[in-house]
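Since the structure comes first, as structure tokens, the remarks are kept for the end.
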Amino acid sequence: MSHVQTLTASGAEMRVRSQPGPPLLDAELRRWLEELLRRSAEPDKMTYEQFLAWADEDTHAEWVNGEVVMTSPASMRHQEISLFLATVLGDYVSTRDLGTVVQPPFQMKLEHGREPDLLFVSKSNRERLRETYLDGPADLVVEIASPESGGRDRGEKFYEYARGGVAEYWLIDPDTRWAEFYRLDENGRYRTAFAGAEGVYHSAVIPGFWLRVEWLWQQPKPHPLQALGEIAGVDSETVARFMQALSGTG
């Protein structure tokens, strides 16, 4: 006597009529099982809106092809460089009312939802800023490479940022003590504006701002006020007296 076997998975149901004994897999059932196995092997996808709702302010992750990509914890050298740049850039642009400097966790939505180590949005592009992400390209993006992220920073992110219209891209590698500064050309491709372990780079998107590359590797880092004083052309003695007065030791 024949019997009916019911297979159910992911809301799909198939009834297979077979003879007594082990059921035979016909072509239709094999295709169904192959599709079921394929679906179970695929990671769950989510929309960017779902990703934003899922991620909280302590989540360090990116949204790539509908999937969540968690980022690794940053090293102490990474943190020191990030804090130094955020302070110097942030104070400079806020004092001159040039725009906004944002640190992670904060998303930049281009083809994917990226989380740069630092981004600058000019005053003219502030309308792109949302509560939890930037809707479109930043004027400047900084990525501090690590052994885990270096390939992405120089590969898929490099090309995605160029296609997305990020005008200036800084790529800093603390392990090799090497910094690369790229600018977008008229054809939408990055060209190297400066690269090296030392020297001075003048930004094209932040008027008047320049960076002495050696500051990034210096231990301890120069005080942000010392760096800002040098950038602004203030003599070192005046900066030292100001810092003494600020600390209460002057």
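The values are calculated or read from the model by the stated rules, or taken from the named source; none is laboratory data. Everything quoted here is computed from the prediction, not taken from an experiment. All Cβ positions, even for glycine, are placed from backbone atoms using ideal geometry, and neighbour counts span all protein chains on display. The accessibility values were calculated without ligands, DNA or RNA, using every heavy atom of the protein model including side chains. Shrake-Rupley method; radii C 1.70, N 1.55, O 1.52, S 1.80 Å.
Please work out if Thr100 is within 23 Å of His60 (Cβ to Cβ), more than 12 Å from the chain's Cα centre (by Cα), hydroxyl-bearing (Ser, Thr, Tyr) and assigned to a strand (DSSP E or B).
Here the answer is yes, as Thr100 does meet what is asked.
Within region 163-181, can one find any residue that is within 11 Å of the chain's Cα centre (by Cα) and either of a type in the set (Phe, Trp, Tyr) or in a strand (DSSP E or B) (or both)?
no
Report, by residue number, each residue of region 158-196 that is of a type in the set (D, E, K, R) and open to solvent by 10 Å² or more (accessible area, probe 1.4 Å).
Arg163, Asp173, Asp175, Arg177, Glu180, Arg183, Asp185, Glu186, Arg189, Arg191
Could you list all residues from region 86-112 that are in contact (Cβ under 8 Å) with a residue 40 or more places away in the chain, open to solvent by 20 Å² or more (accessible area, probe 1.4 Å) and closer than 30 Å to Glu230 by Cβ?
If the condition is that a residue be in contact (Cβ under 8 Å) with a residue 40 or more places away in the chain, open to solvent by 20 Å² or more (accessible area, probe 1.4 Å) and closer than 30 Å to Glu230 by Cβ, then Thr87, Asp91, Arg96, Leu98, Pro104 are the ones that fit.
I'm trying to understand the selection: among the residues of region 31-69, which are of a type in the set (Lys, Arg) and either surrounded by 15 or more Cβ atoms within 10 Å (Cβ to Cβ) or at pLDDT 70 or above (or both)?
Answer for region 31-69, where residues must be of a type in the set (Lys, Arg) and either surrounded by 15 or more Cβ atoms within 10 Å (Cβ to Cβ) or at pLDDT 70 or above (or both): Arg31, Lys45.
Within region 109-144, track down each residue that is within 19 Å of Asp173 (Cα to Cα) and of a type in the set (A, V, I, L, M, F, W, C).
Leu118, Leu119, Leu140, Val141, Val142, Ile144
For region 113-151, name all the residues that are over 20 Å from Gly188 (Cβ atoms), crowded, with 18+ Cβ neighbours inside 10 Å and charged (D, E, K, R).
Glu115, Asp117
All but one of (1) assigned to a strand (DSSP E or B); (2) among the β-branched types (Val, Ile, Thr); (3) free of Cβ contacts under 8 Å to residues at least 24 places away in the same chain hold for Val142; which doesn't?
Tallying (1) assigned to a strand (DSSP E or B); (2) among the β-branched types (Val, Ile, Thr); (3) free of Cβ contacts under 8 Å to residues at least 24 places away in the same chain, Val142 fails exactly one: (3).
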